[in-house]
Amino acid sequence: MSSLPDWLIALISIVIPGFGSPDVSAYNGYVEADYVYVAPSAVGRIVQMGVDEGEMVEAGDVLFMIDASHQKAALRAATAQVAVAQANLDNLSTGSRTAEIDVIRATLDQARADQRLAQSTLDRSEQLLASGSVSKARVDADQTMVLSANARVAQLEAQLQVAELPARDAQRIAAEASHEAALAQLDDARSALADREVIAPVGGLIDRVFYEEGEVVGAAAPVMSILPPDALKALFFVPEAHRASVQPGEVFDVTCNGCPANLTARVTRLATTPQYTPPIIYSREERARLVFRAEAVLENADGVLPGQPLTLSPRQ
């Protein structure tokens with residue numbers, strides 16, 4: 001084993017992973033964190049920043065808000081469109097309004113009165129024609145008036161019948177489809193407005209804030225990063241000679257400067273693809289320099305910071 005102190009070996013291993021003798025029972029590595037990056041779903045100007053770097057947040061807390069003037073206007077428009085579509089659907093489902101039907105009925109009553117008058121006039125003209133008091137042309141004119149009055153009554157009766165009935169199936173289907181489309185636009189407007197208030201997807205520490213209030217941020221551009229609890233992991237490198245002895249799920253004791261005494265790491269991943277550090281020609285004589293990248297979740301890692309050098313020792 002190298003006579004260099006552990007802290008120096010760990011430091012060198014950051015630059016040259018796998019540094020040291022391939023026969024050592026301890027592995028050198030460093031701490032890495034799985035950050036959660038929070039970004040808006042659409043471009044906009046940040047109008048309110050709700051958190052600062054170093055602050056702890058819970059899932060669901062409001063992190064920042066994007067200007068929502070356009071989305072509020074779109075929501076009002078969508079709400080009005082739903083009201084219009086609903087009114088059209090109600091009108092087609094129940095027929096014409098009562099006032100409209102009353103007008104048609106009154107007009108029909110007048111037409112029937114005109115019809116009776118025209119028929120009475122024709123009857124009188126026919127009687128006078130028999131006595132020679134009126135001409136045949138006068139009777140023909142009165143007959144035309146009766147026919148016109150009859151047609152007018154028939155027209156208004158049909159119009160009243162249509163007004164009292166709901167719309168045809170095709171019209172109702174079209175109105176229902178328009179109503180559903182308006183509701184979908186309303187849901188979309190509400191969702192777009194809600195997206196302007198960005199909330200924390202997970203709880204944890206606000207590690208970095210990349211924008212300030214008043215700045216315009218693009219869609220999917222990270223505004224801040226969150227370090228969740230239990231998001232720290234150890235990255236270390238296993239020599240080729242030890243590759244078969246390290247298995248996922250294996251627990252290592254971890255030491256580092258300022259780390260808690262009970263710090264451990266559980267292996268979660270061991271690369272199947274080897275690497276050389278420094279690069280060398282692949283040969284049987286140099287295979288001892290072959291290393292495999294491994295990852296292990298850190299447990300009891302209070303006070304441990306990303307980037308910190310580590311030494312991992314298999315438990316006896």
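The values are calculated or read from the model by the stated rules, or taken from the named source; none is laboratory data. The shown structure was predicted, so the numbers you read here are calculated from the model rather than taken from an experiment. Neighbour counts run over all protein chains shown; Cβ positions are idealised from the backbone, glycine included. These accessible areas exclude ligands, DNA and RNA; they are computed on the full protein's heavy atoms, side chains included. Shrake-Rupley method; radii C 1.70, N 1.55, O 1.52, S 1.80 Å.
Would you confirm whether or not segment 198-218 contains a residue that is at positive phi, at pLDDT 85 or above and surrounded by 12 or more Cβ atoms within 10 Å (Cβ to Cβ)? Yes - at least one qualifying residue is present in segment 198-218. From the list Ala85, Ala111, the lone residue that is assigned to a helix (DSSP H, G or I), open to solvent by less than 50 Å² (accessible area, probe 1.4 Å) and within 30 Å of Asp195 (Cβ to Cβ) is Ala85.
In segment 274-316, how many are hydroxyl-bearing (Ser, Thr, Tyr), open to solvent by 20 Å² or more (accessible area, probe 1.4 Å) and modelled with pLDDT of 85 or more? Full working, then the answer.
Here is the first cut: in segment 274-316, the ones hydroxyl-bearing (Ser, Thr, Tyr) are 276-277, 282-283, 311, 313.
Those still in the list that are open to solvent by 20 Å² or more (accessible area, probe 1.4 Å) too: 276-277, 282-283, 313.
So of that shortlist, the ones also modelled with pLDDT of 85 or more come out as 313.
Looking only at that region, the number is 1.
Within the set Leu122, Leu156, the sole residue that is open to solvent by less than 60 Å² (accessible area, probe 1.4 Å) and either polar (S, T, N, Q) or within 60 Å of the chain's Cα centre (by Cα) (or both) turns out to be Leu156. Among the conditions (1) at pLDDT below 80; (2) open to solvent by 60 Å² or more (accessible area, probe 1.4 Å); (3) farther than 30 Å from Ala74 by Cβ, the only one that Arg138 does not satisfy is (1).
Taken together, the residues in segment 30-48 that are surrounded by 18 or more Cβ atoms within 10 Å (Cβ to Cβ) and either under 24 Å from Gly214 (Cβ atoms) or without any contact (Cβ under 8 Å) to a residue 24 or more places away in the chain (or both) amount to 4. Quick one: in segment 233-245, of everything that is modelled with pLDDT of 90 or more and of a type in the set (A, V, I, L, M), which residue is surrounded by the most Cβ atoms within 10 Å (Cβ to Cβ)? The selected residue is Ala234. From the list Val223, Val202, Val198, Val217, the lone residue that is touching a residue at least 60 places away in the same chain (Cβ under 8 Å) and more than 28 Å from Ala74 (Cα to Cα) is Val202.
Is one or more of the residues making up segment 168-181 closer than 20 Å to Val51 by Cα and either open to solvent by 50 Å² or more (accessible area, probe 1.4 Å) or at pLDDT 90 or above (or both)? It would help to see each step written out before you state the result.
Taking segment 168-181 first, the residues closer than 20 Å to Val51 by Cα are none.
No, that holds for no residue.
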